[in-house]
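The values are calculated or read from the model by the stated rules, or taken from the named source; none is laboratory data. Computed from a predicted structure; not experimentally measured. A quick note on method: Cβ atoms are made from the backbone with ideal geometry, for glycine too, and the neighbour counts reach across all protein chains shown.
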Amino acid sequence: MFAIAARRMGYRVHTLSPDSDTPTGQVSDLEITAPYEDLDAVRMFARRVDVVTFEFENVPATTTEAVSSIVPVRPAGSVLHVTQQRIREKLFLQRAGFPVAPFRVIKAPQDLHQGVSEIGCPAILKTADSGYDGKGQVRISSPSGVDAAWKSIDECAAVLESLVDFECELSVVAARSLTGEFAHYGTLENHHRDHILDFTVAPARIPARVDARAVEITRGVLEKLEAVGVVCVEFFLRRDGELMINELAPRPHNSGHFTLDACVTSQFEQQLRAVCGLPLGSTAQFRPAAMANLLGDLWEAGKPNWPAACACPEVKLHLYGKTEPRNGRKMGHLTALSDNGSSALELALHARDALVLGVSV
């Protein structure tokens, strides 16, 4: 989706990935297949482009350092360094004064026992590295579960967080330019299933003061990071109305996919504008929208019924070009536009049901 936005604006796109025939590679001018650790290939890649950005956080620091010695990396490697590891991210947010749930850094079993005694149960133990979509997380319901939880994450460095009693999960997708210009898409309402984003409603169905506060915090985070590009800040909205930052994503985010159809400038074009040094585009939203993820589970009964889902003219289908559907793998999404978020969500979910049931929309 980023590569398509770049091609629409006349840019040439090169991509580097350990895999071939990737979604980006399918629409790029050049696809280089090489491990991120192959620094010779990485440097060769960098010498043929003007600027580099990344699609996900788990790119080794040595890779971004090798690239940045040749061309700009946006967001910078320093942003990636903070956000790709939970301990660094939590400490960054805490030290900067942003609202986060009580947490403890865990590096040994005795740290975990002490952490549980200090912040109580239930609590969530999250691995410091390589966690997304609920991976690398375990709930500790009582002190008796500490040892089993420690073993379940292979006894690696982690963060122990107090469980937040939240009303809903929110996010703000925003961008910051080279000149410090800030633009955002408002606060988005997110619902998860099995720790994977299931659907998003935009704008979020929340009080205006909560929306304003979420955007204010997000702006502060981007400025403190000195980020250039799109960053998503994910929040818990506590039942007392206060916001807590859950995590950061220094890239276009799943909850912002609705912007492809609902906004003047999509998050992908916004990323392109920011990393290429252009002014940011308008984030004005045409109509309320909802986005529903399409996971590989939908293929279990055979090929989904695409005509049934597309029968509604208010629903847009996006597939990502991934060759193998697997349970829990994000294969695409549906976006629905309507007069309000609730009716847009109803349309999106009904269209997704139609993929399997074959019912008319």
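Condition check for T33 on (1) in contact with a Ser or Thr (Cβ under 7 Å, 6 or more places away or on another chain); (2) more than 20 Å from S20 (Cβ to Cβ); (3) hydroxyl-bearing (S, T, Y): one failure, at (2). Looking only at residues of the stretch 266-309 that are hydrophobic (A, V, I, L, M, F, W, C) and out of contact with any helix residue (DSSP H, G or I) (no Cβ under 9 Å at 6 or more places or on another chain), we find that the one that is nearest to E346 (Cα to Cα) is L295. Would you confirm, using the coordinates I've provided, whether A175 is of a type outside the set (D, E), touching a residue at least 40 places away in the same chain (Cβ under 8 Å) and buried (at least 22 other Cβ atoms within 10 Å of the Cβ)? The answer is yes for A175. Between E169, E181, E234, the distinction of being surrounded by fewer than 17 Cβ atoms within 10 Å (Cβ to Cβ) and in contact (Cβ under 8 Å) with a residue 12 or more places away in the chain belongs to E181 only. Taking (1) touching a residue at least 40 places away in the same chain (Cβ under 8 Å); (2) under 22 Å from the mean Cα position of the chain (by Cα) in turn, L125 satisfies each apart from (1).
Could you list, ordered by first residue, the pairs with Cβ atoms under 7 Å in which the first is in the stretch 240-256 and basic (K, R) and the second is surrounded by 21 or more Cβ atoms within 10 Å (Cβ to Cβ), at least 6 apart or interchain? Once the first residue is basic (K, R) and sits in the stretch 240-256, its partners that are surrounded by 21 or more Cβ atoms within 10 Å (Cβ to Cβ) give R251/F54; R251/V230.
Just so you know, in the stretch 1-48 the residues that are of a type in the set (F, W, Y) and under 23 Å from the mean Cα position of the chain (by Cα) include one that is surrounded by the fewest Cβ atoms within 10 Å (Cβ to Cβ), and it is Y36.
Considering only residues that are closer than 24 Å to D261 by Cβ and in contact with a Gly (Cβ under 9 Å, 6 or more places away or on another chain), which ones fall in the stretch 26-42?
Q26, V27 - these are the residues of the stretch 26-42 that are closer than 24 Å to D261 by Cβ and in contact with a Gly (Cβ under 9 Å, 6 or more places away or on another chain).
Per-residue answers, yes or no, for (1) within 25 Å of P143 (Cα to Cα); (2) modelled with pLDDT of 95 or more:
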residue: E89; (1), (2): no, yes
residue: F92; (1), (2): no, yes
residue: G97; (1), (2): no, yes
residue: I106; (1), (2): yes, yes
residue: P109; (1), (2): yes, no
residue: Q114; (1), (2): yes, yes
residue: C121; (1), (2): yes, no
residue: D129; (1), (2): yes, no
residue: Y132; (1), (2): no, no
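Among the residues of the stretch 310-319, the ones that are in contact with a Leu (Cβ under 9 Å, 6 or more places away or on another chain) and either closer than 15 Å to E346 by Cα or in contact (Cβ under 8 Å) with a residue 60 or more places away in the chain (or both) come to 6 in all. For beta carbons closer than 6 Å, sequence separation of 6+ or different chains, a first residue in the stretch 334-352 that is without any contact (Cβ under 8 Å) to a residue 40 or more places away in the chain and a second that is not in a helix (DSSP H, G or I), the qualifying pairs are H350/V361.
Quick check: is even one residue across the stretch 135-147 in contact (Cβ under 8 Å) with a residue 40 or more places away in the chain and over 19 Å from the mean Cα position of the chain (by Cα)? No, the conditions are met nowhere in the stretch 135-147. With respect to (1) surrounded by 21 or more Cβ atoms within 10 Å (Cβ to Cβ); (2) in contact with a helix residue (DSSP H, G or I) (Cβ under 6 Å, 6 or more places away or on another chain), the lone exception for C312 is condition (1).
Being hydrophobic (A, V, I, L, M, F, W, C) and in a helix (DSSP H, G or I) is a condition met by at least one residue of the stretch 118-137. Every test in (1) surrounded by fewer than 23 Cβ atoms within 10 Å (Cβ to Cβ); (2) closer than 17 Å to G180 by Cβ; (3) of a type outside the set (S, T, Y) is passed by L260 save one, and that test is (2).
If you go through the stretch 65-86 and keep only what is in a helix (DSSP H, G or I), polar (S, T, N, Q) and within 28 Å of L125 (Cβ to Cβ), you end up with S78, T83.
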